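Peer 1: Next up is a structure, given as structure tokens.
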Amino acid sequence: MIEYDQNTAVKTCVICPIVAGEKQSLSAESRLEEAKGLALAINLDIVYAEIVNIKELKPAMYFSKGFTERMHPIIEANEIELMVVDTRLSPIQQRNLERELKLKVIDRTALILEIFGERAQTKEGTLQVELAHLTYQRSRLVRSWTHLERQRGGAGFLGGPGETQIELDRRIIDDKIVRIKKDLEKVRQTRDIQRGARRKVPYPIVALVGYTNAGKSTLFNRLAQSNVTAADMLFATLDPTMRKIALPSGMEVILSDTVGFISDLPHELVMAFRATLEEVLNADIILHVRDISNSDTNAQRADVLQVLEHLGLAEIQYADNYIEVLNKADLLADSEHLSWQNKLKDSQSSVLTSAHTGNGCDKLLQMIEQKLTAAHIRCRVTFPLSDGKTAAWLHQNTRIEKLENNENENTYTVAIRADDLARLSKMSEQNKDISIRK
């Protein structure tokens, strides 16, 4: 973790390396601005920033000797204490850069981990960040222990004679990782129980996803009439938030706000936050919020879809339960706004909105309702009061809209997916006491 006085911001330089031949989703200028935005998110004082073109990577230090020599007077003149390099450095490269430049060096992954560590509020969020930190640190023990020849003796379970300090540290980290994973597994099980409870209530889940700072939390507040933290800042939201909202017909749904994605999102974070992001995997509707005013909106879209694919949602953009919310329309020029309106006039899965002004939000709610109703078939299911198995199945697999019962039987009015209706029909064929009427 970066150690600094909250009242005195650390003087920082941000370096954005562009390697010849490497394909980048964002432009060099956008990458530098994003890296600066990440640094500002934890109140670092950026006194110098530069895009550095690299013809050939140097295994020992990533950059050439010429770069480090050129940086020495810049670092000294600006009293720079920290260098942020907007790429992933190997442990050796990081250590060698620190030795050469005589300051603290962190890479993109470490910077994002710092932000997450500072922002996580809930116990679950804190556990997930700690897991990501430990996974990242485990591969970097060489930075802390360069005296690998130094060995420790000992007795008992702490390790026998000859165990090196780095091996001991790695084992301590491994033990912590195992403990945190067990704690997160309990969280996952709790979430499964909560989802099971929600399935018994007719509330579909609508999950907001998108690139960080796309306006998800502002849209969440607009739709839910809530006051979740929403700021013009990268990763303003980390811990998931849920609210019940009403659609135009009065149908109620659960709206879920999630952590924002970003290009080159560290693998450690994707895996650590899987428990949280599983809410997206189980959502009835996925709203992909895009900042349509951003010049790199298409690249950001591709980055989000890539993270969703890693979570198991390949080609989600073609699914019936996917809606693209083209947000921040209020920042478009009039001609651009008109152009987008014409493009989306007949779209069933994209909508132009401004969470700031509220324009387009009513249309978005209508689109959510259309998607939900189109995906379900309404029918009435009647069966004996004693048939608890069928009742449990309906609670778990359908959206129950009405329940009637008399002395002998239950009648459920449900909204059910076509594939589940086929399963229910097979159940009624095997059990003649179950009656289905559309």
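The values are calculated or read from the model by the stated rules, or taken from the named source; none is laboratory data. What you see is a predicted model; the values in this text were computed from it and never measured. Don't worry about glycine lacking a Cβ; one is built from the backbone with ideal geometry, like all the others, and counts go over all protein chains shown.
Peer 1: Please go through region 9-27 and give me each residue that is at pLDDT below 80 and of a type in the set (A, V, I, L, M, F, W, C), ordered by number.
Peer 2: Leu26 - this is the single residue of region 9-27 that is at pLDDT below 80 and of a type in the set (A, V, I, L, M, F, W, C).
Peer 1: Test Glu324 against the stated conditions and say whether it is crowded, with 18+ Cβ neighbours inside 10 Å, out of contact with any Gly (no Cβ under 6 Å at 6 or more places or on another chain) and acidic (Asp, Glu).
Peer 2: Answer is yes for this residue.
Peer 1: So, of the residues in region 386-402 that are in contact with a strand residue (DSSP E or B) (Cβ under 6 Å, 6 or more places away or on another chain) and among the aliphatic types (A, V, I, L, M), which turns out to be surrounded by the most Cβ atoms within 10 Å (Cβ to Cβ)?
Peer 2: Leu394
Peer 1: Residues of region 107-125 being part of a loop (DSSP other than H, G, I, E, B) and of a type outside the set (Gly, Ala, Ser), which ones?
Peer 2: The answer is Gln121, Thr122.
Peer 1: When only residues in region 57-85 that are under 33 Å from the mean Cα position of the chain (by Cα) and charged (D, E, K, R) count, which is modelled with the highest pLDDT?
Peer 2: Within region 57-85, the match that is modelled with the highest pLDDT is Glu81.
Peer 1: Got a sec? Which of Ile245, Ile254 is of a type in the set (Val, Ile, Thr), at pLDDT 80 or above, in contact with a strand residue (DSSP E or B) (Cβ under 7 Å, 6 or more places away or on another chain) and farther than 17 Å from Cys361 by Cβ?
Peer 2: That would be Ile254, the only listed residue that is of a type in the set (Val, Ile, Thr), at pLDDT 80 or above, in contact with a strand residue (DSSP E or B) (Cβ under 7 Å, 6 or more places away or on another chain) and farther than 17 Å from Cys361 by Cβ.
Peer 1: In contact with a Leu (Cβ under 9 Å, 6 or more places away or on another chain), surrounded by fewer than 19 Cβ atoms within 10 Å (Cβ to Cβ), at pLDDT 75 or above and within 30 Å of Gln94 (Cβ to Cβ) - does that describe any residue in region 182-193?
Peer 2: Yes, region 182-193 contains at least one residue that is in contact with a Leu (Cβ under 9 Å, 6 or more places away or on another chain), surrounded by fewer than 19 Cβ atoms within 10 Å (Cβ to Cβ), at pLDDT 75 or above and within 30 Å of Gln94 (Cβ to Cβ).
Peer 1: Quick one: in region 403-429, which of the residues that are hydrophobic (A, V, I, L, M, F, W, C) and exposed (fewer than 12 other Cβ atoms within 10 Å of the Cβ) is nearest to Glu369 (Cα to Cα)?
Peer 2: Ala418
Peer 1: Quick one: in region 345-370, which of the residues that are in contact with an Asp or Glu (Cβ under 9 Å, 6 or more places away or on another chain) and surrounded by fewer than 20 Cβ atoms within 10 Å (Cβ to Cβ) is nearest to Ser425 (Cα to Cα)?
Peer 2: Ser349
Peer 1: Given the structure, is Thr87 outside the structural domain of Ser295 (by TED's automatic domain parsing), within 25 Å of Leu134 (Cβ to Cβ) and surrounded by 15 or more Cβ atoms within 10 Å (Cβ to Cβ)?
Peer 2: yes
Peer 1: Restricting to region 321-360, give me the number of residues that are over 14 Å from Arg290 (Cα atoms) and assigned to a helix (DSSP H, G or I).
Peer 2: 9
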